[in-house]
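Here the structure comes first, spelled out in structure tokens, and everything after it is commentary.
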């Protein structure tokens, strides 16, 4: 179970970081975006592999893919909020925090 959570956390951290870095430093036009996405391809590959293994093992452990994916979405959104605050100086509103709380509550409800 710890391996599943660590895989979900690591994969979500990597993807959230690449998205936040792109929003901060990459010009929103075709060529810079293509160049950046080619550069981060190994990182995204590793993140997706971690998530894939975690989804598979989590589904075996919990018996429900919905629980695992719900947990991953909550972890990912939390990572995005944290990286947005530190890198983009975009601090979460009450609506954002409430939405994340609903995601976490939904994952808890799915787990029962």
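How many residues does region 41-55 hold that are in contact with a helix residue (DSSP H, G or I) (Cβ under 9 Å, 6 or more places away or on another chain) and surrounded by fewer than 18 Cβ atoms within 10 Å (Cβ to Cβ)?
Within region 41-55, the first condition is being in contact with a helix residue (DSSP H, G or I) (Cβ under 9 Å, 6 or more places away or on another chain), and the residues that meet it are 43-44, 46-55.
Checking which are surrounded by fewer than 18 Cβ atoms within 10 Å (Cβ to Cβ) leaves us with 43-44, 46, 48-49, 52-53.
Result for region 41-55: 7.
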- Which listed residue is at pLDDT below 95, part of a helix (DSSP H, G or I) and surrounded by 12 or more Cβ atoms within 10 Å (Cβ to Cβ), from 107, 10: 107
- Restricting to region 13-36, what's the tally of residues that are assigned to a helix (DSSP H, G or I) and over 28 Å from residue 54 (Cβ atoms)? 6
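The values are calculated or read from the model by the stated rules, or taken from the named source; none is laboratory data. Since the structure is predicted, the reported quantities are computational estimates derived from the model, not experimental observations. Note: ideal-geometry Cβ built from the backbone for every residue, glycine included; neighbour counts use all protein chains shown.
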